[in-house]
Structure formats: C-alpha cells, structure tokens
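Quick notes on the structure that follows.
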Amino acid sequence: MRIGIDIDGVVSDSYPFWLQELNCHYGKNIPCLDDYNMHISFEVTTEDMNNFFETNIERLLMMPKPIPGAKEGIETLLQEGHEIIYVTARTQEQKGLTERWFAHNKIYYKNILFSGFGSKVDFVKEWGIEVFIEDYQVNAKLISECGVPVFLLDASYNQEDTPRGIIRCHSWEEIVKGIHNLNL
C-alpha cells in the first residue's frame with residue numbers, strides 16, 4: 001500500500017517540546033495542549049505565535065525526539081513492501097531542516113510533501129495514498145471523507161469523537177496492527 005504519514009505529532013514528538021519552549025517563552029505553566037491551535041492555549045494572536053515559530057524554527061524542528069515506536073513501525077511497514085510518503089503542514093522552506101531531522105534520527109525518508117497551510121487532501125489524491133496516519137483531527141476527517149482510512153494517533157488535543165473512517169490508535173504498535181487488519 002501507499003501510506004501517507006504526517007510528521008509532527010506522528011513521527012516527531014514535537015508537541016511536548018514545543019509546549020516546554022512556549023511555556024518558557026510566554027512565562028506560562030500549561031501542562032498539556034488541549035487545542036491543536038496553540039495560540040488559543042497561550043492566549044496570544046496567531047501572528048505572535050507564528051513569529052515565535054519563525055524566530056526559533058531550527059530549534060523547534062531539530063530538537064524533538066521521534067515518537068516512541070515510530071522508527072520501528074515505519075521500518076516494519078517498509079520491510080512489508082509498503083511505500084511511505086510523508087505529508088506535512090511544514091513549508092517548503094523547512095525542507096532542509098526536515099531532511100536533517102530524519103537523517104539525524106536515522107528514520108527512512110524519500111518522499112516528503114510540504115502542504116504548508118494548504119490542504120493535505122490534494123496530495124492524498126494526487127499521490128494515490130491508500131491509508132493515512134495523522135494526529136490533527138481536522139485533517140483526519142477531511143482525508144477520511146475522500147474514502148481513505150485514517151489512523152489517528154491519540155493526543156491531548158484530538159479528543160473529539162472519531163467519525164467513521166478514522167481509527168484512533170494509542171501507539172505505533174496499534175497503527176501497524178491496524179494496517180495489517182485493513183482489507184483494501
């Protein structure tokens with residue numbers, strides 16, 4: 001199968017690191033993110049949050065560790081003959097940092113598609129992606145509405161009910177098992 005995989009919150013354990021950095025920057029002590037739109041949790045404008053990320057982008061993209069089990073799960077899927085295509089909301093300008101992070105963490109990458117603030121659905125259709133692994137519930141819903149099964153990696157900020165076509169998983173082990181159980 002051709003498997004689409006998001007990066008932040010799915011392969012890179014970005015959000016705990018970002019939360020730590022944001023708490024330090026804004027002088028807050030927010031224990032966990034309950035909204036994907038972090039500016040809401042920190043009570044700042046989108047512009048202010050974007051400026052923080054632009055100013056600190058190298059550190060924010062390079063420092064997070066991989067999600068536990070992500071590297072092993074990806075290796076298992078590759079060994080089984082699946083094709084991996086990363087589809088990220090990162091921008092094309094972040095390509096070099098993204099590739100450096102993958103190389104540094106010794107995680108396979110070949111195709112990385114950068115949607116920026118655009119829709120991942122276009123890439124899913126264009127590349128013929130048959131299953132997707134995501135953490136952002138809005139993207140998961142849009143992708144599943146195209147008839148593509150989505151494995152939603154559980155996070156504090158995606159606790160809404162999961163509609164049909166979205167399978168909530170609590171680990172990469174569950175994701176790999178779920179992919180094995182698909183009858184596509």
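Laid out as a table, the results:
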read-out	value
Candidate set: segment 51-70, residues that are in a helix (DSSP H, G or I) and without any contact (Cβ under 8 Å) to a residue 40 or more places away in the chain; chosen: the one surrounded by the most Cβ atoms within 10 Å (Cβ to Cβ)	52
Boolean, residue 77 is assigned to a strand (DSSP E or B) and either aliphatic (A, V, I, L, M) or closer than 24 Å to residue 171 by Cβ (or both)	no
Close pairs (7 angstrom Cβ cut-off, 6 or more residues apart or separate chains): small (Gly, Ala, Ser) in segment 21-42, surrounded by 13 or more Cβ atoms within 10 Å (Cβ to Cβ) anywhere	41/30; 41/33; 41/34
Candidates 47, 43, 21 - the one that is within 19 Å of the chain's Cα centre (by Cα) and not hydroxyl-bearing (Ser, Thr, Tyr)	21
Some residue of segment 37-55 being within 23 Å of residue 168 (Cα to Cα) and modelled with pLDDT under 95	yes
Qualifying residues in segment 116-165 (those that are of a type in the set (Ser, Thr, Tyr) and over 21 Å from residue 19 (Cα atoms)) - the one modelled with the highest pLDDT	144
Output for segment 130-165, where each listed residue is closer than 28 Å to residue 42 by Cβ, without any contact (Cβ under 8 Å) to a residue 60 or more places away in the chain and surrounded by fewer than 21 Cβ atoms within 10 Å (Cβ to Cβ)	141, 142, 154, 160, 161, 162
Residue among 117, 132, 151 that is among the aromatic types (Phe, Trp, Tyr) and over 12 Å from the mean Cα position of the chain (by Cα)	117
Scope segment 98-129; condition in contact (Cβ under 8 Å) with a residue 60 or more places away in the chain, in contact with a Ser or Thr (Cβ under 8 Å, 6 or more places away or on another chain) and more than 26 Å from residue 59 (Cβ to Cβ); matching residues	123
Test for residue 48: is it in a loop (DSSP other than H, G, I, E, B) and of a type in the set (D, E, K, R)	no
Unmet requirement for residue 124, which otherwise passes all of (1) in a loop (DSSP other than H, G, I, E, B); (2) under 15 Å from the mean Cα position of the chain (by Cα)	(1)
Single unsatisfied condition, residue 33 versus (1) open to solvent by less than 70 Å² (accessible area, probe 1.4 Å); (2) aliphatic (A, V, I, L, M); (3) not in a loop (DSSP other than H, G, I, E, B)	(3)
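The values are calculated or read from the model by the stated rules, or taken from the named source; none is laboratory data. Keep in mind that this is a model prediction, so the values were computed, not measured. Note: ideal-geometry Cβ built from the backbone for every residue, glycine included; neighbour counts use all protein chains shown. These accessible areas exclude ligands, DNA and RNA; they are computed on the full protein's heavy atoms, side chains included. Shrake-Rupley method; radii C 1.70, N 1.55, O 1.52, S 1.80 Å.
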